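Note sheet for the following structure.
No value in this document is a laboratory result; all are computed from the given coordinates. All of these numbers come straight from a predicted model, not from anything done at the bench. Neighbour counts run over all protein chains shown; Cβ positions are idealised from the backbone, glycine included.
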Amino acid sequence: MNPKIFIAGIVVACIAFSACSDQDNNSTSTVQNPSPKEQWGPTCKGADFTVPQLPDLFVNYWEYSFSVEENANLALKISGLFPSCRYFSFSTYNDETGDVISGMSDFEIVPDEGSVNPFVQTSTAKNSFTVYIVPANITDAQVAQLHSKNIIHLGDSIHKACLIIREYLGVDEFGGVELPAIQAYDINTMKEVPAPIRGTSNMWREPAPFQPIWSDANTDVPFMLSPHGTFYPNNATDYLYCRTAIEDNQVMTWSFIPAPYPKRVEDYAGAPCRYWSMCFGTQLDTRSYYSVYDAQANVPDGEKVTFVLCVKQNPRLAEIEQRVAEAKAAGEYINLVVWDRERPSYFGPEKPIGNCITVMYRNILPNKEWEHSMSRMKPTPFGDPVNSSLEDPENMQADLFLGEYGPRGTKVTTEEFLK
């Protein structure tokens, strides 16, 4: 099903969904809501190229958009089981602008009574949680009546909200569990009422037309910190990014020490980041078409990893592949990404993805106290980031601020690379 097409009306399920929280008074649903899979939008996979705004290929999303104006006095109760995945979260957005409002990452969720949070303590049991999304006009006394420590507040002056679930590296499409159920309560009476029917989110709006910029042709390609703008960002993630055009006779390389990531749940707290990946997307449709995540890169903590980027149409591709294979056999941690500029874009085969590429180095839950954290950098504004970064390069260009932990791309001719 194309997630851009939403059904305006949903047939109400004939069987009520019972909530699984033991720690709040509204433990049993008295209203017949649609089943969870009908309440949430269809699975949006980063890997199926339907999700815009340069997503990771190893994440699945589900969105639920609703009118705050028409439901100004409703608190939404989200109840379900913790999924089995590397990371998951709830994020809320102003759906008119795409700005992030608030959110809650997996480790912050207090589990229901009798459960544990498997993102804090290793557990293979079925552990449940309950989260409330509450309006800006709710009082502290009303919040207390919800009997929950998991409260996500919507901001003031929000007319339409979008709630997104993210799951990275799940054991299957849904992280081994069902999607959580959505119930609604009137904050004045605390009585259950029908949950709002999901509407059409602006998340699916098409990107602005592609426009080349002067720096696309530069052979020196700095990475910069992306601002948290109007593109439905994960509120718990920071991104280093660069943009460049790769010609058929060029190769771009960069080497850096990536942020170490935890290998077991008990090491999550205080880790430099939960997850990192290098994603490659086109400016044409803002979809990602290639990604490499931390475990795939197979680089030990504290060691350098090298990325090599060229187009499939490079006439000496076989020699590039051989040179990278030799480096890998010699013990170098190296990854080759071959970009097919003739690959059909999301818009169809008549519009191939082209050779203008945005590279995103993603850190989920970056530890802002870690000395090499990208979170400490000064972000560049959208538009002309390279030119903007020249105003304060020591704080806005990753390799200058982070040293060996910050990538910087260099484009050379194929002949120079092979030498």
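Using just its DSSP H runs of length 4 or more, each adding -39500 (n - 2.57), the chain gives a mean residue ellipticity at 222 nm of -2500 deg cm²/dmol after division by all residues.
My understanding is that a pair violates if its Cα-Cα distance is over 26 Å; which of Lys160/Lys351; Lys368/Lys411; Lys328/Lys411 do that in this structure? Beyond 26 Å: Lys160/Lys351; Lys368/Lys411.
Could the peptides 406-413, 318-325 be put in order, highest first, of the mean number of other beta-carbon atoms found within 10 Å of their residues?
Numbers: 406-413: 18.9, 318-325: 14.8.
Ranked from most to least packed, the peptides come out as 406-413, 318-325.
For Lys191, the lysines whose Cα comes closer than 18 Å to its Cα, not counting residues fewer than 8 places off in the same chain, are Lys77. Normalised by the number of residues in segment 36-204, the mean separation of alpha-carbon contacts (under 8 Å, six or more apart) gives a relative contact order of 37 percent.
Taking amide hydrogens as placed 1.01 Å from N in the peptide plane, the amide H of Ile334 sits under 5 Å from those of Thr306, each at least 5 positions away in sequence or on another chain. Here the Karplus relation 6.51 cos²θ - 1.76 cosθ + 1.60, evaluated at θ = phi - 60°, turns the backbone of segment 97-113 into coupling constants of 10, x, 6, 6, 9, 6, x, 8, 8, 3, 5, 7, 7, 7, x, 5, 4 Hz, with x for every Gly and Pro. The length gained on full extension between Thr189 and Gln322, counted as 0.36 nm times the residue separation minus their Cα-Cα distance, comes to 40.9 nm.
Residues considered: Asp392, Asp216, Asp248. Largest GNM mean-square fluctuation over the chain, using C-alpha springs under 10 Å, is found at Asp392.
Arranged from highest to lowest average of other beta-carbon atoms within 10 Å per residue, in what order do the peptides 375-385, 250-260 appear?
So the peptides 375-385, 250-260, ranked by packing, come out 250-260, 375-385.
Test of the criteria: in segment 217-253, which chymotrypsin sites (Phe, Trp or Tyr not before Pro) are in a DSSP loop and have at most 13 other Cβ atoms within 10 angstrom of their Cβ? Write out the running numbers ahead of the final one.
On the way: sites: Phe223, Phe231, Tyr239, Tyr241; in loops: Phe223, Phe231.
Taking segment 217-253 and a limit of 13 other Cβ atoms within 10 Å, no loop chymotrypsin sites (Phe, Trp or Tyr not before Pro) are found.
Among the GluC sites (Glu not before Pro) in segment 143-214, those placed in a DSSP loop whose Cβ has at most 11 other Cβ atoms within 10 Å are Glu173.
Taking the highest mean first, how do the peptides 49-57, 305-313, 29-37, 137-145 order by number of other beta carbon atoms within 10 angstrom per residue? Show your work: numbers first, answer last.
Values: 49-57: 21.9, 305-313: 20.0, 29-37: 16.1, 137-145: 12.3.
Descending packing order for the listed peptides: 49-57, 305-313, 29-37, 137-145.
When both bridge partners sit in the chain, DSSP labels roughly 90% of those beta bridges antiparallel.
For the chain, what relative contact order do you get, as a whole percent, if you take Cα pairs closer than 8 Å and at least 6 residues apart? Could you put the intermediate results ahead of the total?
Numbers: 962 pairs, mean separation 79.0, N = 419.
With pairs under 8 Å counted, the relative contact order is 19 percent.
I need Met374, Met203 ordered by Cβ neighbour count within 10 Å, fewest first. Display every interim value, and only then the final one.
Values: Met374 28, Met203 22.
Ordered by Cβ neighbours within 10 Å, fewest first: Met203, Met374.
If both residues of a DSSP beta bridge must be in segment 268-366, then about 70% of such bridges are antiparallel.
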